[in-house]
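Below is one structure, written out as structure tokens; the observations come after it.
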Amino acid sequence: MAYSLEGRTGAWEVVVGLEVHAQVISESKLFSGASATYGGAPNAHVSFIDAGFPGMLPVINKECVAQAVRTGLGLRAQINLFSRFDRKNYFYADLPQGYQISQFAHPIVGKGNVEIELQDGTIKHIGITRLHLEQDAGKSMHDQHPSKSVIDLNRAGVGLMEIVSEPDIRSPEEAGAYLRKIRQIVRYLGTCDGNMEEGSMRADVNVSVRKPGEEFRTRCEIKNVNSIRFVMHAVEAEALRQIEVWESGGEVVQETRLYDPSKGETRSMRSKEDAHDYRYFPEPDLLPLLLEQSWVDELKAKLPELPDEKRARFCREYGIPFYDAGVLVAEQATADFYETLAKGRDGKLAANWVTGDFFAAMNRTGKNIENPPVTVEALGQLLDLLADKTINGRIAKDVFEEMVETGKMPAAIVEEKGLKQVTDTGAIDAAVAKVLADNADKVAEYKSGKDKLFGFFVGQVMKAMQGKGNPALVNEAVKTQLG
Amino acid sequence: MSLDAATVRRIAKLARIRVNEEEVSTLQNELNAILGYVEQLGEVNVEGVEPLSGGAQMALRQREDKLTDGDMAEKILANAPDRIENFFAVPKVVE
């Protein structure tokens, strides 16, 4: 079922395009040698170039160019061997140059696409229009003083990749899935840390609505939304506002708006009235950026395996379901953990343990994959104990909890607590005989046709053996002795 | 191409230059004269000529990604009309 919003005049379709600003991971800034690291004392990571001092000339950082190309390759996009920088002119207190060096007419990356997966399992392609390199602005803080805003230029001049999507997104869910996918790709590539809280990834959301089958109507741009959840809310809130405008006989005007998460609504940003008149012109301080195809090929050859490929390979190599593989590749560190565990073991069993007990323990203890509740070696040893039938599945769960609690290795726990599975058929037969003798009435009922009691006998035998009986052998023995 | 008075006012506003009403027509004439002068370039046939990107036909020089600058907040703030600790201070920008 396609997503739509119901108005007084019937169903409306929502059309969304996203501009994602992703901060490039690099040591130094895009055009200066000052630190590109987040934080730092106010104005400590600032050079004369970043502060817009007269006479300073920008020199481009080769690594930022490489990061943009890697990201472009990850988005299955066209890499433009010729690209150029332009000045985007606007006045704002945190933009000391009075212009942002960006790429307008000739971006470094052209058309590409990403695959998103929706709740119901459908796969959809979202087109990428372009990716261009530009400078980030400084940071304004408005709540430090009653009548003044204060400016920190540490972020000014840090490399940004602006990734622009086609207006292919049709619901808040798709917007969320798209953002998660972009975040996943840049994190795998190591080109952006995807941290929306610290602002290293932000999104501008373009929203319009239309009746099914119509041409696009006027859109509004919601600036600087800083979480995936807020993007999803902003899409719906803005679409509902526009439907109300259209249905009351009004007309949506193209403008820049702000999303207010506390009120769950968008409002007009008057300050951005002239925002779309940027008077772009070619940056006279920089020559065109020319790339060698051989250099691009070299970068391509060294790209890490991306989430889509990894997911397909996990299904193929380890025989696990597509859904489970998706969960495992969501974060590269989780995928690495799983793969270390699954190598040379039963892939399905490994996947069940990671997505089941392991994830549960991680959530419960507040730990993460970098600092896991049990090490991959310990969990591996546990799977080995299961595989060679030293312990059975039920005992394994107890041993796992003990591992989380004490940090001990599973073999040590099994040894210490005497949890080895009993495969001695003599001992099993004796336990079965005793249970059947003690429950003569139930045996009679069973023999008169109450088949369900079989499970009861098995349960009693396992209980008598403190859960250590080999389940298959116990089943077998109960069956035999009941005749 | 000719600029009307409204466009002149808009350009001034975007450039944050205060222009008195009596100056508008003078500026309009001057800007139109400049544009007229530049428009002479339109007479040259540039069919099939690659755009020139600079005086020297060189590729953009790229630098290594190394930390070579910064850590001089005092110098950066030296010309600031106003500051609070090591921040620039500006009239409050209200959204």
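The values are calculated or read from the model by the stated rules, or taken from the named source; none is laboratory data. Keep in mind the model is a prediction, meaning the values are calculated, not measured. Glycine gets a Cβ as well: all are built from the backbone with ideal geometry, and neighbour counts include every protein chain shown. Surface areas here come from the heavy atoms of the whole protein model, side chains and all, with no ligands, DNA or RNA. Shrake-Rupley method; radii C 1.70, N 1.55, O 1.52, S 1.80 Å.
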In the structure shown, of A:Lys348/A:Lys468; A:Lys348/A:Lys397; A:Lys348/A:Lys452, the pairs separated by more than 20 angstrom at the C-alpha atoms are A:Lys348/A:Lys468; A:Lys348/A:Lys452
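Which order do A:Glu13, A:Glu197, A:Glu238, A:Glu298 take when ranked by solvent-accessible area (1.4 Å probe, heavy atoms of all protein chains), largest first? Numbers along the way, then the final one.
Working: A:Glu13 45, A:Glu197 180, A:Glu238 0, A:Glu298 100 Å².
Output order, biggest surface exposure first: A:Glu197, A:Glu298, A:Glu13, A:Glu238.
For chain A, which whole percent of the accessible surface, found with a 1.4 angstrom probe, sits on carbon and sulfur atoms? Present the calculation step by step, with values, prior to reporting the outcome.
Values: 11280 of 21870 Å².
Percent of accessible area from carbon and sulfur atoms in chain A: 52.
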Counting every C-alpha pair in the protein assembly as shown, the percent lying more than 37 Å apart is 52 percent
Helix-only [θ] at 222 nm, chain A, -39500 (n - 2.57) per DSSP H run of 4+, per residue, nearest 500, equals -12000 deg cm²/dmol
Scalar couplings 3J(HN,Hα) for the range A:115-120 by Karplus 6.51 cos²θ - 1.76 cosθ + 1.60 (θ = phi - 60°), nearest whole Hz, x for Gly and Pro, are 9, 10, 10, 9, 3, 7
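From largest accessible area down, sort A:Tyr90, A:Tyr323; use a 1.4 Å probe on the protein chains.
On the way: A:Tyr90 55, A:Tyr323 160 Å².
Listed by decreasing accessible area, they come as A:Tyr323, A:Tyr90.
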Expressed in square angstrom to the nearest 10, the accessible area of A:Thr425 with a 1.4 Å probe stands at 80 Å²
Excluding residues fewer than 8 positions from B:Lys13 in its own chain, the lysines with Cα under 26 Å of it are A:Lys88, A:Lys139, A:Lys148, A:Lys223, A:Lys272, B:Lys92
Taking every residue of A:47-53, the Cβ atoms of other protein chains inside 10 Å of its Cβ average out to 4
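How big is D, in µm² s⁻¹, for the range A:5-297 by Stokes-Einstein at 20 °C and 1.002 mPa s if Rh is the Kirkwood radius over C-alpha pairs?
Answer, rounded: 107 µm²/s.
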Probe 1.4 Å, all chains present, heavy atoms only: A:Met141 accessible area in Å², nearest 10, is 50 Å²
Bounding extents of the range A:145-207 in its principal axis frame from Cα atoms, largest first in Å, are 42, 29, 18
Counting only protein heavy atoms and leaving out ligands, DNA and RNA, the solvent-accessible surface of B:Phe87 at a 1.4 Å probe, in Å² to the nearest 10, equals 30 Å²
Expected integer from the mean partner chain Cβ neighbour count at 10 Å over B:69-82 is 6
